Amino acid sequence: MRTRGFARNKEHPTLPTAEKWDIEMPATEDRRRSEKRQSPTRSLRFDTRWFLRNTKIPPKANHEAGNSTRVHNVLQGFLSWPGEDILAQNHRNGIVDYLIDDGRTRIWVEVKRYDQDLRNRRNAIRKYIFPEEAESGKFNVGVLTNFREWHVYLSGADLWPLAGDDLVRVKEVSVSSEQAASNLRSILGRQSKRRVVDRLLPLLGASEEVLSHMLTSNPLVLEQIADKLAHLDDPPDEVPSSEMLGYLVHRYLRNEYPHDPPITRSDLREALEAHRVFYAVEDAVEDRVGTCCKMKPYTETVRAMGYR
């Protein structure tokens, strides 16, 4: 495709000279393909296949710095955050590895060694996202990762009644399959319409930390559990008190159910998975954060906690 153009006047560059010249311009589709080839993110191909392959390969240097570059590749290449929005080595009560800030979302990302267990490392992210700074109705987002596993946290004062803490692990993603990688992208990936916070809030109702607190200590939830037990097809002779019921639920969720309990394990499981109990949890979550959760993730979490 050939187009006509004008050379620029040397004395007055803004003015074209009378001399015309021909330039060769690629067609629109060819130009688009050319730009894709020149894009550094696309050319490096940090796609799902790359992600899954590298989760099985530890970095050559097994320390946090050696793992940090690969996490950056995930943030920019796989989760699609622009490089200019990813701030490295951000100073905030220490040095957090990355801060993602695009003007409407702020995510603090702390990287740990490839072989490090993340389950008991919540304080590693707590010191950066400062839950007390989040005003009522506002939440901070933190991510703790060793590249293979990604623990996503929300913090805010409104979370305390739901979890007994102002820092809640909302989701754990172990990147071991294409579905898991897709789940991580749906939660933390850059989207033009929905902020990360707006995607995380509906997950609170299926968070292990929220359910551990709500099912064992919330009076309205315990009342619904007791009511369901009383209306089973084969109800127990006596429904335990709220205090005893909370204790039994606590032991059940830790997979440490007593050997001679006043109600059977199967009866308690049926009560915990009942719609009325879920609705009580949902109402409590909605009152605090203004968003609803879904029953299927709730049931899956309760079932997994009881049999882990």
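Answer with yes or no whether Glu273 is in contact with a helix residue (DSSP H, G or I) (Cβ under 6 Å, 6 or more places away or on another chain), acidic (Asp, Glu) and either in contact (Cβ under 8 Å) with a residue 24 or more places away in the chain or loosely packed, with under 13 Cβ neighbours inside 10 Å (or both).
yes
Could you give every pair whose Cβ atoms fall below 6 Å, whose first residue belongs to segment 142-165 and is in contact (Cβ under 8 Å) with a residue 24 or more places away in the chain, and whose second residue is basic (Lys, Arg) and part of a strand (DSSP E or B), counting only separations of at least 6 or pairs across chains?
His151/Arg169; Val152/Lys171; Tyr153/Arg169
For Trp81, indicate whether it is under 18 Å from the mean Cα position of the chain (by Cα), modelled with pLDDT of 90 or more and assigned to a loop (DSSP other than H, G, I, E, B).
Spelling it out, Trp81 is indeed under 18 Å from the mean Cα position of the chain (by Cα), modelled with pLDDT of 90 or more and assigned to a loop (DSSP other than H, G, I, E, B).
Considering segment 231-253 alone, what residues qualify as being of a type in the set (A, V, I, L, M) and over 37 Å from the mean Cα position of the chain (by Cα)?
Hit for segment 231-253 is Val239, nothing else.
On the basis of being in contact (Cβ under 8 Å) with a residue 24 or more places away in the chain, more than 30 Å from Leu75 (Cα to Cα), part of a helix (DSSP H, G or I) and hydroxyl-bearing (Ser, Thr, Tyr), does Ser266 make the cut?
no
Could you tell me whether any residue of segment 231-245 is in contact with a Pro (Cβ under 6 Å, 6 or more places away or on another chain) and free of Cβ contacts under 8 Å to residues at least 24 places away in the same chain?
yes
Looking at segment 129-187, what strands (runs of 3 or more DSSP E) fall wholly within it and have at least 1 residues that are at negative phi, of a type in the set (Phe, Trp, Tyr) and at pLDDT 95 or above?
Because the criterion is at least 1 residues that are at negative phi, of a type in the set (Phe, Trp, Tyr) and at pLDDT 95 or above, the strands (runs of 3 or more DSSP E) in segment 129-187 that meet it are 149-155.
The values are calculated or read from the model by the stated rules, or taken from the named source; none is laboratory data. These numbers come from a predicted model, not from an experiment. No Cβ is skipped: glycine too gets one built from the backbone with ideal geometry, and neighbour counts run over all protein chains shown.
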